[in-house]
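The values are calculated or read from the model by the stated rules, or taken from the named source; none is laboratory data. The shown structure was predicted, so the numbers you read here are calculated from the model rather than taken from an experiment. A quick note on method: Cβ atoms are made from the backbone with ideal geometry, for glycine too, and the neighbour counts reach across all protein chains shown. We work out accessible area using only protein heavy atoms, side chains counted, and drop any ligands, DNA or RNA first. Shrake-Rupley method; radii C 1.70, N 1.55, O 1.52, S 1.80 Å.
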Amino acid sequence: MSDRDRDLEARLARAPSEAEPARDLWPDVARAIAAERAIEAQPRRLAPRLPLQIAAALALFAGGILVGQRWGEPTHAETPPPAPAAPLAAAAEVQRAGSAYVSALSRLDESAGPLEREQGVDAALSTLQGAAWELVRLRPDDPQAGRILYTVSEARTDGEAPTVRF
Amino acid sequence: MHDRRGEFEAIYREHHRRVYAIALRFARDREGAEEIVQDAFVRAWRSLPSFNGNSRLSTWLHSVVVNAALDRMRRRSRAEARLDREVDLDRYADEIGRAMPAADVDLERAVAALPEGAREVVILHYFEGYPCAEIAERMGIVEGTVKSQLHRARQLLKEALA
């Protein structure tokens, strides 16, 4: 063994075995465990049918967008509900972002090549998972939100049992 | 359930720095490391009832986090290959300097720059103390491949640190 080998081995052996996270990660871990328990309480399906589940999740997501649309942009025939302006603005923002998401997905199918399409689907699932997480965060006791999150997370892990993340 | 959660928080508090160190070296960025930590502790929570006490809790938890990190590496490798994403080594070196003040940042940076397979075996063998046979089993490769990866890694590290 040369001096350089010995020096390298010594430097590797001195490497610290602990590192301090930049923030306290326990609240995230605790929330993930709580969500895991909520998801475990859901009835499990017997066979994997990912495309149908993704479609169902997308439909639910799009449904949420439509609800947001109704809240955010009342028709001329309707009287706007006497709600404060801030919630309407929030719903309208969600609706705008959701519409842009759906539009981008439909363009993906029309114009992208196979690689771009795959990257787009990857990004779409990632975004959908982020949206599902936010739903769970907003409504931690809602079993539908937990089910959407589980389905999308499973799709992202190629059918493996997903892990809850915050 | 609250008692069990309280006990688990105590486990987290005792071991999270060790877990974060492993996670950071595998992920090479703060966000990825935080994901691995969370994943590892959720896995540990899930399988804690089956922990039989034959090994030390720290050894068992260590194994859980290594599995979580390796699983993430496999998933990320596919995704990153598709997206052609590069790791920001400057940012990683900053995080190492912050999170491990006693670390040899040049060495950590050189390890982080190793090719994927070589990097993983260096982390597991030199930083985590796993013997080659166990690394082979965990990574699903033959022991000879682990040894050749280590040899290659040592050469590359010597060149990088010269």
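Tabulated results
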{"item": "Condition met for residue B:96 (outside the structural domain of residue B:28 (by TED's automatic domain parsing), touching a residue at least 12 places away in the same chain (Cβ under 8 Å), within 30 Å of residue A:122 (Cβ to Cβ) and surrounded by 13 or more Cβ atoms within 10 Å (Cβ to Cβ))", "result": "no"}
{"item": "Residue in region B:35-57 that is of a type in the set (A, V, I, L, M, F, W, C) and either touching a strand residue (DSSP E or B) at 6+ places or on another chain (Cβ under 8 Å) or more than 12 Å from chain A (Cβ to nearest Cβ) (or both) present", "result": "yes"}
{"item": "Meets criteria (more than 28 Å from residue B:44 (Cβ to Cβ) and outside the structural domain of residue B:45 (by TED's automatic domain parsing)) for residue B:152", "result": "yes"}
{"item": "Residues of region B:15-50 satisfying the condition of being under 12 Å from residue B:61 (Cα atoms) and of a type in the set (S, T, N, Q)", "result": "B:47"}
{"item": "Wholly within region A:1-117, helices (runs of 4 or more DSSP H) carrying at least 1 residues that are modelled with pLDDT of 70 or more and open to solvent by less than 60 Å² (accessible area, probe 1.4 Å)", "result": "A:3-13, A:26-40, A:85-111"}
{"item": "Wholly within region B:7-126, helices (runs of 4 or more DSSP H) carrying at least 1 residues that are farther than 26 Å from residue B:152 by Cα", "result": "B:30-47, B:57-83, B:89-99"}
{"item": "Residue B:120 vs. criteria among the acidic types (Asp, Glu) and open to solvent by 70 Å² or more (accessible area, probe 1.4 Å)", "result": "no"}
{"item": "Among residues of region B:43-63, those that are surrounded by fewer than 22 Cβ atoms within 10 Å (Cβ to Cβ) and within 23 Å of residue B:140 (Cβ to Cβ), counted", "result": "9"}
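Yes/no per residue for (1) within 17 Å of residue B:27 (Cα to Cα); (2) modelled with pLDDT under 90; (3) in contact with a strand residue (DSSP E or B) (Cβ under 7 Å, 6 or more places away or on another chain); (4) within 9 Å of chain A (Cβ to nearest Cβ):
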{"site": "B:68", "(1), (2), (3), (4)": "yes, no, no, yes"}
{"site": "B:74", "(1), (2), (3), (4)": "yes, yes, no, no"}
{"site": "B:86", "(1), (2), (3), (4)": "yes, yes, no, no"}
{"site": "B:94", "(1), (2), (3), (4)": "yes, no, no, no"}
{"site": "B:111", "(1), (2), (3), (4)": "yes, no, no, yes"}
